[in-house]
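Everything on this sheet refers to the single structure shown next.
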């Protein structure tokens with residue numbers, strides 16, 4: 001038993017029509033933009049961690065290169081992770097994991113501050129909107145919304 005979704009006029013929509021409606025919703029487009037910007041932003045965070053933070057951590061820890069911190073699981077000995085991978089050795093790459101964890105923490109921290117500032121801005125705009133002087137009033141006779149300076153209701157023509 002197949003049911004077709006009907007639009008406002010009562011016409012049946014096919015899968016293509018439903019998909020078009022789904023894609024054109026504002027929140028789906030906003031989410032797509034967010035994913036694209038997030039991907040680009042991740043590259044910035046990765047560069048920050050790999051090119052600035054990890055070298056500083058390496059300097060503080062006596063020149064330790066976290067990207068070459070690994071355990072060879074087959075008992076072999078390799079100078080670098082690259083050499084172990086070229087030899088096809090199974091490795092446990094805990095240095096890479098540490099780098100990825102630092103990436104995640106920094107990304108979460110930046111997103112936290114962005115969301116915090118957006119919430120603060122949103123609350124400020126909402127407060128300003130609430131404090132704005134009224135520009136309309138309700139007609140006591142027909143309950144229509146009218147301009148605050150009106151002396152006669154344009155809907156029911158009652159004097160105010």
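The values are calculated or read from the model by the stated rules, or taken from the named source; none is laboratory data. Only a predicted model underlies this, so the values are computations on that prediction, with no experimental measurement involved. Ideal geometry is used to build each Cβ from the backbone, glycine not excepted, and the neighbour counts take in all protein chains shown.
So which residues in the stretch 109-128 are within 28 Å of residue 67 (Cβ to Cβ), out of contact with any helix residue (DSSP H, G or I) (no Cβ under 8 Å at 6 or more places or on another chain) and surrounded by 11 or more Cβ atoms within 10 Å (Cβ to Cβ)?
Within the stretch 109-128, 109, 111 qualify.
Being assigned to a helix (DSSP H, G or I), closer than 30 Å to residue 42 by Cβ and at pLDDT below 90 is the requirement here; does residue 118 meet it?
Considered against the rule, which asks whether it is assigned to a helix (DSSP H, G or I), closer than 30 Å to residue 42 by Cβ and at pLDDT below 90, residue 118 comes out as no.
Go through the stretch 12-104 and tell me which helices (runs of 4 or more DSSP H), entirely inside it, have 1 or more residues that are in contact with a strand residue (DSSP E or B) (Cβ under 6 Å, 6 or more places away or on another chain).
Correct list: 81-86.
Just the residues that are in contact (Cβ under 8 Å) with a residue 60 or more places away in the chain and surrounded by 15 or more Cβ atoms within 10 Å (Cβ to Cβ), please, taken from the stretch 42-76.
45
What is the number of the single condition among (1) touching a helix residue (DSSP H, G or I) at 6+ places or on another chain (Cβ under 9 Å); (2) at pLDDT below 90 that residue 19 does not meet?
(1)
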